[in-house]
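Report on one structure; see the data block that follows.
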């Protein structure tokens, strides 16, 4: 039973942060690309983001059904995962002429850069592996 203590809150690693070069367009004073910092989110945070990305639509027979808007959900996950730069910073948003972190990302990044950031966020949160890969890892 001594291994059970590894699962206690005080023994669990709480902050998982990684750095990723999202773009070569943002450089430091030495001309090197500045890495973005992304963190893993908890399932409780993820659940809130899913709820915030859910819209109710009329289904067959007039019943309302919940649908998650995938693009909205992913944008919210990315924003929640980005630690640096501070996407909620009013000055940064103002410099791009937007209000809101999701809109900032859309204006700030090129399509490929946004895709790179999404991929990094998915990886740090464990969304990059499908269930079959995870099952194979557990078997081995």
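The values are calculated or read from the model by the stated rules, or taken from the named source; none is laboratory data. Worth saying up front: this structure is predicted, and the values here are computed from it rather than measured. Glycine also receives a Cβ, built like all others from the backbone with ideal geometry; neighbour counts cover every protein chain displayed.
Tell me which of these residue 17 doesn't satisfy, since it passes every other one: (1) closer than 30 Å to residue 111 by Cβ; (2) free of Cβ contacts under 8 Å to residues at least 60 places away in the same chain.
It is condition (2) that residue 17 fails.
Regarding the stretch 123-133, can at least one residue be identified that is more than 17 Å from residue 19 (Cα to Cα) and at pLDDT 95 or above?
For the stretch 123-133, residues more than 17 Å from residue 19 (Cα to Cα) and at pLDDT 95 or above: absent.
Go through the stretch 47-67 and give me each residue that's out of contact with any helix residue (DSSP H, G or I) (no Cβ under 7 Å at 6 or more places or on another chain) and closer than 20 Å to residue 78 by Cα. Break it down stepwise before answering.
To start, the set of residues in the stretch 47-67 that are out of contact with any helix residue (DSSP H, G or I) (no Cβ under 7 Å at 6 or more places or on another chain) comprises 47-48, 51, 54-67.
Hits for the stretch 47-67 are 47, 48, 51, 54, 55, 67.
If you take the residues in the stretch 102-119 that are more than 15 Å from the chain's Cα centre (by Cα) and without any contact (Cβ under 8 Å) to a residue 12 or more places away in the chain, which one is surrounded by the fewest Cβ atoms within 10 Å (Cβ to Cβ)?
Result: 111.
Which residues, taken from the stretch 39-75, are in a helix (DSSP H, G or I) and farther than 30 Å from residue 9 by Cα? Walk me through how you get there before you give the answer.
To start, the set of residues in the stretch 39-75 that are in a helix (DSSP H, G or I) comprises 43-52, 60-62, 70-75.
If the condition is that a residue be in a helix (DSSP H, G or I) and farther than 30 Å from residue 9 by Cα, then 60, 61, 62, 70, 71, 72 are the ones that fit.
Return a yes/no flag: does the stretch 86-101 have any residue that is at pLDDT 95 or above, surrounded by fewer than 11 Cβ atoms within 10 Å (Cβ to Cβ) and in contact with a helix residue (DSSP H, G or I) (Cβ under 8 Å, 6 or more places away or on another chain).
Yes; the residues of the stretch 86-101 include at least one that is at pLDDT 95 or above, surrounded by fewer than 11 Cβ atoms within 10 Å (Cβ to Cβ) and in contact with a helix residue (DSSP H, G or I) (Cβ under 8 Å, 6 or more places away or on another chain).
Just to be sure, is residue 3 in contact with a helix residue (DSSP H, G or I) (Cβ under 9 Å, 6 or more places away or on another chain), exposed (fewer than 11 other Cβ atoms within 10 Å of the Cβ) and without any contact (Cβ under 8 Å) to a residue 24 or more places away in the chain? Show your work before the answer.
Working: in contact with a helix residue (DSSP H, G or I) (Cβ under 9 Å, 6 or more places away or on another chain): no; exposed (fewer than 11 other Cβ atoms within 10 Å of the Cβ): yes; without any contact (Cβ under 8 Å) to a residue 24 or more places away in the chain: yes.
Considered against the rule, which asks whether it is in contact with a helix residue (DSSP H, G or I) (Cβ under 9 Å, 6 or more places away or on another chain), exposed (fewer than 11 other Cβ atoms within 10 Å of the Cβ) and without any contact (Cβ under 8 Å) to a residue 24 or more places away in the chain, residue 3 comes out as no.
Among 17, 72, which is the only one that is under 16 Å from the mean Cα position of the chain (by Cα) and exposed (fewer than 14 other Cβ atoms within 10 Å of the Cβ)?
Only one candidate qualifies: 17.
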